[in-house]
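The values are calculated or read from the model by the stated rules, or taken from the named source; none is laboratory data. Quick caveat, the model's predicted, so the values are computed rather than measured. FYI the Cβ positions are ideal-geometry reconstructions off the backbone, even for glycines, and counts take in every protein chain you see.
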Amino acid sequence: MNTVSPDLDRRFRDAAAQEGLLDVAYDLVDSPIGSLLVATSPRGLCRISYDADPEREVEQLAGAFGIRVLRSPKPIDAARRELDEYFEGKRHSFDLPVDVALLADFNRRVLRELARVPYGEVVTYGELAARAARPRAARAVGMVMNRNPLPIVLPCHRVIGANGKLTGYAGGLERKETLLRLEGAIL
Amino acid sequence: MSLPPFERFYEQHREEIFAFLVRRLGRDRAEDAFQETFLRALRAYPKLRHGEHLRAWAYTIASRIAVDEHRRPRADADLPELESLDGRPAFAQLEHLADQLPPTERAAVVLRYGYDLDYSDIGAALGSNATAARQAASAGIRRLRQKELR
């Protein structure tokens, strides 16, 4: 048959990444909370999406990072390994470089503070706002969490309401609960 | 038409480009040529200004690589020299000459006379059929002749 074999397809996708020709490489990663679309730019991890519609996601990645977007598993291997370890409870922090260069200053500052919230702990939106030097910006912090491009790795699931309620999660409250339970932050 | 993300371009064209390369080169050599075709396309992709004629573009790259592959000496084959008399390959001269033609005619002329594709392949590359490809090629040739006479 004159069709592209999975092996040939894979070799091209590997070579494209190997030669440094991609603006974004992405792949799907299985996890206990569903399939994740994970993407990386040459600078670092740039997207983790729940329930991704790959076609739409690819368009968005191309719009943000450049037209050369290709599904290519190899550049995602490190992220896949760290996520696997995290879900097995063996990893408490991620060592992956992240690419948040395109985000607004405020978002970057909030996400930088978010990254410091330790495994197994939670903060309120207000506390996180205060740590980002904008004590009255709890709602704005909520928006930043909602648009977090790298959930799990940048742990927006560790941010909860002042009343102790989980409040909201872009991936759905069930996932937030699962992550917090995995980390032992709730019983 | 705006340029689609490369993933979509690759998904849309990989099967027919591979089938085309198998017809030209045989299965074994087609695999290397396939990889080279899409790597070359990937290198040039950000320079494209729009998403039109992408299929013909992909065929043009694949044809060029198939020609190069044919020229490459192999241990088991004594291949004839394909270059024209003044040392420039036929397709390079034609591409230059045909620059002024409308895109469809240009692609048809270059693919037919520069790369020696048959009309059904050209029809596929242009998103039409063999008859339309033949008509586009002869319209292009007529136009080139008129220009030469002027």
**Prompt:** Could you count how many residues in segment B:1-53 are more than 19 Å from B:G127 (Cα to Cα), assigned to a loop (DSSP other than H, G, I, E, B) and modelled with pLDDT of 95 or more?
**Reply:** 1
**Message:** For the list (1) part of a helix (DSSP H, G or I); (2) more than 11 Å from chain B (Cβ to nearest Cβ), I need the number of the one condition that A:E57 fails.
**Reply:** (2)
**Fill in**
Among the residues of segment A:121-146, the number that are assigned to a loop (DSSP other than H, G, I, E, B) and modelled with pLDDT of 95 or more is 2
**Asked** Can we say A:P118 is assigned to a loop (DSSP other than H, G, I, E, B), within 24 Å of A:A64 (Cα to Cα) and in contact with a Lys or Arg (Cβ under 9 Å, 6 or more places away or on another chain)?
**Response** no
**Item:** So A:G120, is it of a type outside the set (D, E), surrounded by fewer than 19 Cβ atoms within 10 Å (Cβ to Cβ) and touching a helix residue (DSSP H, G or I) at 6+ places or on another chain (Cβ under 8 Å)
**Value:** no
**Request:** Scan segment A:141-175 for residues that are surrounded by 14 or more Cβ atoms within 10 Å (Cβ to Cβ), within 14 Å of A:S49 (Cα to Cα) and of a type in the set (K, R) and report the count.
**Result:** 1
**segment B:119-128: number of residues that are modelled with pLDDT of 80 or more and surrounded by fewer than 14 Cβ atoms within 10 Å (Cβ to Cβ)** = 1
**Asked** For the subset of segment A:1-25 comprising residues that are of a type in the set (A, V, I, L, M, F, W, C), in contact (Cβ under 8 Å) with a residue 24 or more places away in the chain and part of a helix (DSSP H, G or I), which member is nearest to the other protein chains (Cβ to nearest Cβ)?
**Response** A:A16
**Residue check for A:R109: among the basic types (K, R) and surrounded by 16 or more Cβ atoms within 10 Å (Cβ to Cβ)** = yes
